[in-house]
Amino acid sequence: MNKDRVEGKVKDLAGRVERQAGEWTGDPEKQVQGTARQVEGKIQNAWGKVQDAVRNKKKSRAADAPHQPAERTGG
């Protein structure tokens, strides 16, 4: 799990709390701000997942690649 995924989860959770507080207090502006923060967090988390998938794919390809002996020179 990378930094973007962690920060995205935190923003998502904070947005949920803010949105819910807005609902409980009848503050539509706080609801909108909370929803916006939630969306931002979900996007950042998704971006982090993409980064992790690319990193894992690169590692997988490197592990699957046949090892070639080093070229010998001279002799």
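Every number in this text was worked out from the coordinates using simple rules, so none of it is lab data. Predicted model only: the values in this text are computed from it and were never measured. Here Cβ is always computed from backbone atoms with ideal geometry, including for glycine, and neighbour counts include all displayed protein chains.
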Problem set entry | Environment charge of residue 64, counting only residues whose C-beta is closer than 12 Å and scoring Lys/Arg +1, Asp/Glu -1 | +4
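Cut-off is 10 Å between beta-carbons; in what order do 24, 47 appear when sorted fewest neighbours first?
24, 47
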Problem set entry | Number of Lys pairs (Cα under 17 Å; 8 or more positions apart or on different chains) in the chain | 11
Seminar exercise, completed: Listed residues 63, 36, 14; largest mean-square fluctuation, Gaussian network over the chain with Cα springs below 10 Å, found at 63
Exercise. What is the dipole size for the chain, taken about its Cα centre, with +1 at each Lys and Arg Cβ and -1 at each Asp and Glu Cβ, in debye to the nearest 20?
Worked result: 420 debye
Exercise. Using alpha carbons only, how many degrees (0 to 90, rounded to 10) separate the axis of helix 3-25 from the longest principal axis of the chain?
Worked result: 10 degrees
Exercise. What list do you get for 18, 7 if you sort them by fewest beta carbons within 10 Å?
Worked result: 7, 18
Exercise. Which residue, chosen from 60, 39, 25, occupies the Cα position most advanced towards the positive end of the dipole of the chain, where the dipole is computed from +1 (Lys, Arg) and -1 (Asp, Glu) charges on Cβ about the Cα centre?
Worked result: 60
Exercise. Relative contact order, percent, of the chain when contacts are C-alpha pairs under 8 Å separated by at least 6 residues?
Worked result: 36 percent
Problem set entry | Estimated [θ] at 222 nm from DSSP helical runs (n ≥ 4, -39500 (n - 2.57)) normalised by residues in the chain, nearest 500 | -29000 deg cm²/dmol
Problem set entry | Distance histogram in 5 Å bins (all Cα pairs of the chain, percent per bin) | 4, 17, 14, 12, 10, 8, 8, 6, 5, 4, 4, 3, 2, 2, 1, 1, 0
